[in-house]
Amino acid sequence: MALRILRKVVKSTLRPQVGSSFCRSYSLYEPDYLEIGKSKIPMHDVLNIQLTAYNFCTLESYHHFLDNLIQDMGIEVETSWALPPKHEIIQKFKPRSTVIDSEYKLKTYFRSIQVVQPPSTLYPILLRMIDASLPEGVTVNVVKHEPEHEEIRHVPNKDLMELKEQLDMVGKTTGKKKKGF
């Protein structure tokens, strides 16, 4: 009895049933449940939206606005980060001389937003929204994520590096004493 019921269940799942709204079809090598999670819309790679400006308040405000805009569009933001400011000294010389007329100290601030696989249908809209809302003095670069971007992000800890050097020095001096015995 149980065997007969099991055969009916197996036969009904293997053959499409007439009049039902559900029909299964399998390919020769892959079951169709592997295709369920895949998107039919092509996706871009991981992208970094890099923002630079001389005015910290403007950059921070636009970074916050852009982060919210991207999330409201339904695009996943994996992370966003800030880099230390870059200090520059600009010197203006008097005409036809080497005498400094004026000197300016500038700080360039950096922010970056990492976007994970934006759909190709939303990507041009996102770029247009960024361009339309870009405040004066802020520069935007959208680049494909590279390993160098991850390395630049991490600032080395000088105290930790000094302690490691001291530890290496202690290890070398104790190693010399052991050889002497």
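Every number in this text was worked out from the coordinates using simple rules, so none of it is lab data. Everything numeric here is computed off the predicted structure, so don't read it as measured data. For neighbour counting, all protein chains shown are included, and Cβ atoms are generated from backbone atoms with ideal geometry for every residue, glycine included.
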Legend entry - Share antiparallel - DSSP beta bridges, the stretch 49-162, percent rounded to 5: 100
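Which trypsin sites (Lys or Arg not before Pro) in the stretch 62-108 pass both tests, a DSSP loop state and at most 12 other beta-carbon atoms within 10 Å?
Details: sites: Lys86, Lys92, Arg96, Lys105, Lys107; in loops: Arg96.
Filter output for the stretch 62-108: Arg96.
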Inset, instruction - Take a quick pass over the stretch 63-155 and tell me how many lysine pairs come in under 20 angstrom between Cα atoms, counting only ones 8 or more apart or on separate chains. - result: 5
Legend entry - Ordering of 59-72, 157-170 by burial proxy (mean other Cβ atoms within 10 Å per residue, highest first): 59-72, 157-170
Legend entry - Charged-residue dipole, Cβ positions (Lys, Arg, Asp, Glu), the stretch 54-117 about Cα centre, Debye nearest 20: 620
Legend entry - In nm, spacing of pseudo-spin labels at Ile36 and Ile90 (7 Å Cα→C-beta vector): 5.9
